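The values are calculated or read from the model by the stated rules, or taken from the named source; none is laboratory data. From a predicted model like this one, the values you see are computed outputs, not experimental measurements. Backbone-built Cβ (ideal geometry, glycine too); neighbour counts: all protein chains shown.
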Amino acid sequence: MVKPTSGRLVLNHSTHIPGLIRILEALTKLEGIHTITPGVISRTRGHIPRMLLRVSVPIRGGFKIIARQGKTVQEVFILTTLSQEQLEELLQL
């Protein structure tokens with residue numbers, strides 16, 4: 001599913017969840033992914049030991065993704081032509 005021209009990763013924040021950028025860079029190389037923009041970082045009560053990405057809500061032209069690791073949560077916005085089911089499948093890889 002790799003396409004010749006990759007999507008774009010917008011790096012507009014100085015801080016990210018450790019390891020998240022590497023995952024997002026890999027996603028930009030997949031067909032159907034156009035733009036990925038990491039968003040706000042916040043803290044949560046629960047603790048998740050490993051990185052977890054899940055689709056949160058649809059947005060115009062794509063989906064908002066929630067990335068969690070440890071007690072840190074970061075929003076990620078993905079503009080894509082993929083369906084929610086297709087994107088969820090890619091996030092499980």
Residue identified as surrounded by fewer than 13 Cβ atoms within 10 Å (Cβ to Cβ) and of a type outside the set (V, I, T) among G46, G39: G46
Filter result (under 13 Å from R68 (Cα atoms) and either of a type in the set (S, T, Y) or not in a helix (DSSP H, G or I) (or both)) within the range 13-27: H16, I17, P18, G19
Residues (more than 13 Å from the chain's Cα centre (by Cα), small (G, A, S) and over 15 Å from H16 (Cα atoms)) located in the range 30-62: G32, G46, G61
V10 being surrounded by 17 or more Cβ atoms within 10 Å (Cβ to Cβ) and not acidic (D, E): no
Number of positions in the range 5-15 that are under 19 Å from V73 (Cα atoms) and modelled with pLDDT of 90 or more: 2
Matching residues in the range 67-83 - criterion: being under 8 Å from the mean Cα position of the chain (by Cα) and farther than 13 Å from I48 by Cα: E75, V76, F77, I78
Count of the range 58-85 residues which are loosely packed, with under 14 Cβ neighbours inside 10 Å, touching a Gly at 6+ places or on another chain (Cβ under 8 Å) and not in a strand (DSSP E or B): 1
